[in-house]
Amino acid sequence: MVRVRFAPSPTGFLHIGNARTALFNYLFARKNKGKFILRIEDTDKERSRKEYEEAIIEDLKWLGIEWDEGPDIGGEFGPYRQSERINIYKGFAEKLLKEGIVYKCFCTKEELEKMREIAQQKGLPPGYDGRCRDLTKEKINQYERQGRDYVLRLKVPEEKIEINDLIRGKVVFEGEYLTDFVIMKSDGTPTFNFAVVIDDYLMKITHVIRGEDHLSNTPKHILIFRAIGAELPQFAHMSMTLGPDRTRLSKRHGATSVRAYREEGYLPEAFFNYIALLGWGTTESREIFTKEELINEFSIERCHKASAVFDKEKLLWMNSYYIRNTSIDRIYQLSLPFLRSAGLINNSEKDEEYIKKAIFLEQEKIKTLKEVPYLIEFFLKEPEYERENFENFINEETKKTLADIVQIFEKIKDFKKEEIENKVRGYCKEKNIKTSLVFHPLRFAVSGRTKGPDLFGMIELLGREKVIERIKKLIK
RNA sequence: GCCCCCAUCGACUAGUGGUCUAGGUCACCACUCUUUCAAGGUGGUAGCGCCGGUUCGAGUCCGGCUGGGGGCGCCA
């Protein structure tokens, strides 16, 4: 049975890169009829916050990623919050200490700093020189009596470690570059590297799918798996997500959290779809997939090794594509929060059908839900006339035309767009005026704008009364 | 500094030794449709980082170089 996990740290909102890791784990689990587990890695007390855990859970749900076990729903292998598992790690650490696989290190920050400098001078990566490895019992007792802090370090053997990565193939790390690393901090909490392995082991994780930034940590993990006598899971290291300048996606590239895109009015399915296409593709280079199709098509072997640049433009296109191809009911529902905060929706449900019709008229133009209030605003409120265009469309000449149009509108029996269009076109012909000389001022008079939806559909929806009122007010 | 990973249009990708005068999508440009803006349709610009090797034949295999990314903490 396939078991995978997504293990974020609640130190901020769900990041795009993490969302992609979560997504790939999710797709892999569903594709293989396995389980997807959510685990919260909150051992860093300084930076972890409960609000972020809640936010991450909310954003994952928004994206449509569901888990089978997690801190909110429990499961057979809980608890799923590392802060609640401290005693488990301690137990493993004590056992390893007894077995002599792990040892107490009393070195101070200053000593460690010096060591790193020396290692660098020798052309080695900065690391620990192992000086506390063979401390005598007496020495250890003495240090402890003095109340000195200590950490637990793993005795790292000098041998090469091979990883058989599902995405990258064979990766070899030579032994001499890895030094004894910390598994338990002096405050009695585990390091990330230790907690991950213990949890993956106890939670029976079969496939560790994570970002490439963890590839270099993997030898350490393998050593810990071996130390506790556990079987290795399969590893798959996904490529990273980069900003437009090809550096790691970060704050200075603008919005990097899923939350931000959600608030900008992106559809979850569009975001889901786009993110899946980063570092992954099918042989036919298809672009649009439903969640089910993605689950069906997904394969870890097709993951790219090279990192991918997150392209906001393409996401925006995809979002508009999804908006164009989604039912008005859903667009309406999703737009509600945006309409509310724009103060356009306080007057009750009567407006629902009217607003839906307005959205329908604008649908092909909507790129994000955030634009909806602006696009339909003039249907709900008196228009604000664009100053820079005012005189182009409302002048002595057009006022006369508009006055005629009012008369025509007053006489139309069935105030529907076909009839309205026929009559207006007929008027143009009769007076021998170019249609654009009528259409543009009319559009402007009714909406206050030079751009907008289908003119006659818009007039029909606004209704005779409102249209005539708006025109009259202008030409007075 | 050391270790590891990576390399096809500006971006995302297809491509697993001949069918590649390298295909698709976004962006960009032109034309078209048209009452505006969009959307749509048609066409176009643009790429295998470089140098060697293997081979009858290399985007595809091997090596080096260059470039980019990641890691090296009592952060995760």
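The values are calculated or read from the model by the stated rules, or taken from the named source; none is laboratory data. Everything quoted here is computed from the prediction, not taken from an experiment. Glycine also receives a Cβ, built like all others from the backbone with ideal geometry; neighbour counts cover every protein chain displayed. Areas reflect the complete protein model, heavy atoms only, side chains present, ligands, DNA and RNA absent. Shrake-Rupley method; radii C 1.70, N 1.55, O 1.52, S 1.80 Å.
Highest mean first, what order results for A:271-280, A:7-16 on Cβ atoms within 10 Å?
A:271-280, A:7-16
If every alpha-carbon in segment A:146-232 counts as one equal scatterer, what log10 I(q)/I(0) does Debye give at q = 0.20, 0.21, 0.23, 0.26 1/Å?
-1.02, -1.11, -1.29, -1.50
Using a 1.4 Å probe and ignoring any ligands, DNA or RNA, find the accessible area of A:His207 and quote it in Å² to the nearest 10.
30
Only sites in a loop by DSSP and with at most 15 other Cβ atoms within 10 Å count here; which trypsin sites (Lys or Arg not before Pro) in segment A:301-356 make the cut?
Counting only loop positions with at most 15 other Cβ atoms within 10 Å, the trypsin sites (Lys or Arg not before Pro) in segment A:301-356 are A:Lys305, A:Lys350.
Taking all protein chains as present, what is the carbon and sulfur share of the accessible area of chain A, in % to the nearest whole number, probe 1.4 Å?
48
For the pair A:Arg425 and A:Glu292, what calculated FRET efficiency results from E = 1/(1 + (r/R0)^6), where r is the Cβ-Cβ distance and R0 = 51 Å, to the nearest 0.05?
0.60
Send over the semi-axes of segment A:31-188's equivalent ellipsoid, whole angstrom and largest first, taken as the square roots of 5 times the C-alpha gyration tensor eigenvalues.
35, 23, 16
Sorted by accessible area (1.4 Å probe), largest first, how do A:Leu334, A:Leu267 line up?
These residues rank, largest area first, as A:Leu334, A:Leu267.
Report, in listed order, any pair from A:Lys365/A:Lys473; A:Lys356/A:Lys417; A:Lys204/A:Lys291; A:Lys357/A:Lys381 with a Cα-Cα distance greater than 20 Å.
A:Lys365/A:Lys473; A:Lys204/A:Lys291
Please report how many Lys pairs in segment A:1-90 have alpha carbons closer than 29 angstrom, counting only residues at least 8 apart along the chain or sitting on separate chains.
Pairs that pass both the separation and distance tests number 10.
Within chain A, what percent of beta bridges assigned by DSSP are antiparallel, to the nearest 5?
55
How long are the semi-axes of the equivalent ellipsoid of segment A:250-332, defined as square roots of 5 times the Cα gyration tensor eigenvalues? Whole Å, largest first.
22, 19, 10
Need the list of lysines near A:Lys312 for cross-linking: C-alpha distance under 17 angstrom, and skip anything on the same chain fewer than eight residues off.
A:Lys251, A:Lys367, A:Lys370
So which trypsin sites (Lys or Arg not before Pro) in segment A:206-283 end up in coil per DSSP with only 10 or fewer other C-beta atoms within 10 Å?
A:Arg246
Which value, in debye to the nearest 20, describes the size of the charge dipole of segment A:230-382 about its Cα centre when Lys and Arg Cβ atoms bear +1, Asp and Glu Cβ atoms bear -1, and nothing else is charged?
Magnitude of the dipole: close to 560 debye.
If you find the alpha carbon centre of segment A:1-20 and of segment A:48-83, how far apart are they in angstrom?
Their Cα centres are 10 Å away from one another.
Quick one: P(r) of chain A from all Cα-Cα pairs, 20 Å bins, percents rounded to integers, in order of increasing distance.
The percentages, shortest bin first, are 19, 38, 23, 14, 5, 0.
With a point put 7 Å past each Cα toward its Cβ, work out how far A:Ser299 is from A:Glu76 in nm, to one decimal.
A separation of 2.9 nm, rounded to one decimal place.
Just the isolated ones, please: cysteines in chain A lacking another cysteine beta carbon under 4.7 angstrom.
That list is A:Cys107, A:Cys303, A:Cys428.
Taking the Cα atoms of segment A:326-460, report the difference between the largest and smallest coordinate on each principal axis, in whole Å and largest first.
The Cα atoms of segment A:326-460 stretch 46, 34, 25 Å along the principal axes, largest first.
Report D for segment A:180-328 in µm² per second (integer): Stokes-Einstein, Kirkwood Rh on Cα pairs, 20 °C, 1.002 mPa s.
119
Can you pull out the chymotrypsin sites (Phe, Trp or Tyr not before Pro) in segment A:289-368 that DSSP calls coil and that have at most 14 other Cβ atoms within 10 Å?
Sparse-neighbourhood loop chymotrypsin sites (Phe, Trp or Tyr not before Pro): none present.
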